[in-house]
Amino acid sequence: MADDRDVIQLIRSQTLELIQQITAQPKPSYELDGQRVSWTEYLGRLIEVVNWCDRQLAAETPCEIRSLGLT
């Protein structure tokens, strides 16, 4: 069973792949039978997902702070 970090990394990777696919062949936004499809909005939401993943991964990353006291 994967831990949360692995799942978040997988979500990030899959989302970046989607971003790569839709930016490689951009499509126009359109409306059909009352249903609106906005590729710009979709891309923005995908970027938000990647940013969320980055924040979650950064919060879980252990860090070490070294300091030096001067007298």
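The values are calculated or read from the model by the stated rules, or taken from the named source; none is laboratory data. Bear in mind the structure is a predicted one, so any value in this text is a computation, not a measurement. Counting neighbours? That spans all protein chains shown, and the Cβs are built from the backbone with ideal geometry, glycine included. The area values use the complete protein model at the heavy-atom level, side chains included, leaving out ligands, DNA and RNA. Shrake-Rupley method; radii C 1.70, N 1.55, O 1.52, S 1.80 Å.
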### Simple spin-label estimate for V49 and L10 in nanometres, 7 Å along Cα-Cβ
1.4
### Query
Per residue, how many Å² of accessible area does the chain show with a 1.4 Å probe?
88
### Summary
Carbon and sulfur atoms account, in whole percent of the 1.4 Å probe accessible area of the chain, for 54
### Heavy-atom accessible area ranking, 1.4 Å probe, most first, across L18, L32
L32, L18
### Message
Can you show me the helix-derived [θ] at 222 nm for the chain, built from DSSP H runs with n ≥ 4 at -39,500 (n - 2.57) apiece and divided by the number of residues, rounded to the nearest 500.
### Response
-21000 deg cm²/dmol
### Message
Would any residue of the range 44-62 have its amide N under 13 Å from a label point 7 Å out along Cα→Cβ of L18? List them or say none.
### Response
44-53
